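Engineer: Provided herewith is a single structure, encoded as structure tokens, for subsequent inquiry.
The values are calculated or read from the model by the stated rules, or taken from the named source; none is laboratory data. Note that this is a predicted model, so its numbers are computed, not measured. As a convention, Cβ positions derive from the backbone with ideal geometry for all residues, glycine included, and neighbour counts pool all protein chains shown. When the accessible area is computed, the model is the full protein with side chains, heavy atoms only, and any ligands, DNA or RNA have been set aside. Shrake-Rupley method; radii C 1.70, N 1.55, O 1.52, S 1.80 Å.
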Amino acid sequence: MNEPSMRRLWALAVPLLVAGLTQIIVNLVDTVLLARLSTRSLSAFALAAPVYLVALVVVRGWATAVQVKVARAHGAGAPGEVVQVVRLGLVTSAGAGLAIGAVLYGVAEPVLTALGATAEIIEPGVAYLRVLAFAVPFAAASFTLQGACAGIGITRAAMYHALLVNVVNLPLGLLLIFSFGLGVTGAALATLAATVAGTAFLLAYSRTRLPSVAPVDTGAVVRGLWAIGWPEMSAMGVGYVNEALIAGFAARIGTPELGAYRIVDNLLLVVFTVMGSVAAPISILAGHELGAGDPARAERWRRTGQRLLLAVYAVPAVLALTLGRPLLSLVTEDAAIADLAWQAVPLAVLSLAPMVPAMSYGCLLRAMGDTRSVMIGNVAGDYLVLVPLAWFLAVPGGWGLPGIYVAWVAFTVVLAIFLGARVRVRLRVGAV
């Protein structure tokens, strides 16, 4: 059996990296197009998009449970369990997506109001969220199918899906936003159509790639999925509320600051996506080893993955710091917004450095099925460190956007320390 290597991790990571960066283009396209349309459109999108993200990350938490269970069943040589996990995971994730989409539709206006939206951006922001409420169940199914394929090592499914989504979204967005004059609503309709198309593709693709043997006991599979899924959904849902809250803090500073925050957040998202794409194979390969009964090799995959994470963090971080200013001028023609964004970029990039160890520890904990520790670390860090510190520094403290990213640095340091301690405890007591 080959020893854990960066080459094997990279082979699984490359399709995920392509998928992640391609998926970001959907967001960047909307940001650039709406920035060109008007500051009002960009601000409405900047405040509404994080709210939609909360809905997406909640349903994505269930997909993480599917990936973990599939990886361990695959490593244990149990194709029947793989089949049952995928079938039940798909049905339950789509059902959860329907429920969460309905909630999103209903709370769109009060949530944006609570986040500090001005009267001029309430209407387009609400329209954006209500259109995309219909996309949530399709996104949930897509996440689950991508997780299932990744669990058996077929990460290219996510790449194909992301490429298709962009092929649909870009031309349709141009048409609906400008030619049809639909603005923010047009961006949402293009994203909805692209999401539906991507889900249809994955359904067809997965039928020919996943096992087709007889499934195993339903009850045991559901209990296993639930044990892993509910903490992950809670962590991602409750945790990612911070994105909406912090966008609200930026809105309270001023409309230009809100637009600048959205631009910096997109730049940061590129770096984070590169790191996340490399981190994901740690969970997959560690899960295979744990399924085969070898926790020591699972830990070696984590260490190897952490070294690769450090390398891939450094490259986009340097590019962001050296090329960030000219890139910002390409995104927006408003010099004031570009200046505000650039003031926050160095701290924003620095905030991701502690995520190198945090991601590697979190991936191993997920492979172990310990999503509760990941949930506790993220939620406690969010609401005991990140949110109160971001509010204090950015709004009453007068630090503006840089204050928000000082708070992010504090959060990521605390998270890395906590998750590292949890991994060491579990390995010491053999609780894998």
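Engineer: Per residue, how many Å² of accessible area does region 250-366 show with a 1.4 Å probe? List each step's numbers first, then the result.
Structural biologist: Working: 4100 Å² over 117 residues.
For region 250-366, the solvent-accessible area averages 35 Å² per residue.
Engineer: On the Cα set of region 82-125, report Rg and Dmax in Å, please.
Structural biologist: In Å, with Rg to one decimal and Dmax whole: 16.4, 50.
Engineer: I've got another one for you. I'd like the carbon and sulfur percentage of the solvent accessible area for the chain, probe radius 1.4 Å, heavy atoms only, ligands and nucleic acids excluded.
Structural biologist: Numbers: 11280 of 16590 Å².
Carbon with sulfur: 68 percent of the solvent-accessible area.
Engineer: Moving on. Of His74, His161, which has the most accessible area with a 1.4 Å probe, and how do the rest follow in descending order? The partial results should precede the final answer.
Structural biologist: Working: His74 85, His161 20 Å².
Sorted descending by solvent-accessible area, the residues read His74, His161.
Engineer: Hey, what do the phi angles of region 12-21 turn into as Karplus ³J(HN,Hα) couplings, whole Hz, using 6.51/-1.76/1.60 and θ = phi - 60°, x for Gly and Pro?
Structural biologist: Karplus-based 3J(HN,Hα) across region 12-21 equals 7, 6, 4, x, 5, 5, 4, 4, x, 5 Hz.
Engineer: With P(r) over Cα pairs in 20 Å bins from 0, in percent defined as stated, name the option among [x] 27, 60, 13, 0; [y] 25, 58, 17, 0; [z] 23, 56, 21, 0 computed from the structure displayed.
Structural biologist: Among [x] 27, 60, 13, 0; [y] 25, 58, 17, 0; [z] 23, 56, 21, 0, the one derived from this structure is [x].
Engineer: Something else: On the full set of protein chains, 1.4 Å probe, figure out the accessible area of Ser179 and give it in Å² to the nearest 10.
Structural biologist: Result for Ser179: roughly 90 Å² accessible.
Engineer: For the pair Val14/Leu98, report the inter-label distance in nm, with labels modelled 7 Å from Cα in the Cβ direction.
Structural biologist: 4.1
Engineer: Here's something else I'd like to know. How much accessible surface does Ile284 have with a 1.4 Å probe, in Å² rounded to 10?
Structural biologist: Near enough 0 Å² of accessible area.
Engineer: Determine, from the Cβ-Cβ distance of Val222 and Ser179 and an R0 of 30 Å, the FRET efficiency 1/(1 + (r/R0)^6), rounded to the nearest 0.05.
Structural biologist: After rounding to 0.05, the efficiency reads 0.05.
Engineer: What FRET efficiency comes out for the pair Ser5/Ala119, r = Cβ-Cβ distance, R0 = 51 Å, nearest 0.05?
Structural biologist: Details: r = 57 Å, r/R0 = 1.11.
It comes out at approximately 0.35.
Engineer: What angle, in degrees between 0 and 90 and rounded to the nearest 10, separates the Cα long axis of helix 295-331 from the longest principal axis of the Cα atoms of the chain?
Structural biologist: Taking the Cα atoms of the chain, the angle to 295-331 is about 20 degrees.
Engineer: Region 166-238: Rg/Rh from Cα coordinates, Kirkwood Rh? Show your work: numbers first, answer last.
Structural biologist: Numbers: Rg = 18.9 Å, Rh = 15.7 Å.
Rounded to two decimals, Rg/Rh equals 1.21.
Engineer: If ligands, DNA and RNA are left out, what is the accessible area of Arg424 with a 1.4 Å probe, given in Å² to the nearest 10?
Structural biologist: Its accessible surface works out to 130 Å², give or take rounding.
Engineer: Work out the FRET efficiency for Ala76 and Leu350 from their Cβ-Cβ distance, taking R0 = 41 Å, and round it to the nearest 0.05.
Structural biologist: On the way: r = 41 Å, r/R0 = 1.00.
Plugging the Cβ-Cβ distance into 1/(1 + (r/R0)^6) gives 0.50.
Engineer: Follow-up question, since we're still on this one. Give, in nm to one decimal, the length gained when the segment between Arg209 and Phe392 is fully stretched (0.36 nm per residue of separation minus the Cα-Cα distance). Could you put the intermediate results ahead of the total?
Structural biologist: Values: separation 183, 0.36 × 183 = 65.88 nm, distance 5.05 nm.
That works out to 60.8 nm of additional length.
Engineer: Expressed as a whole number of Å, what is the distance separating the alpha-carbon centroids of region 270-300 and region 170-212?
Structural biologist: So the two Cα centres are separated by 30 Å.
Engineer: For region 1-150, with every protein chain kept in place, what is the accessible area per residue (1.4 Å probe, Å²)?
Structural biologist: On the way: 5540 Å² over 150 residues.
That works out to 37 Å² per residue.
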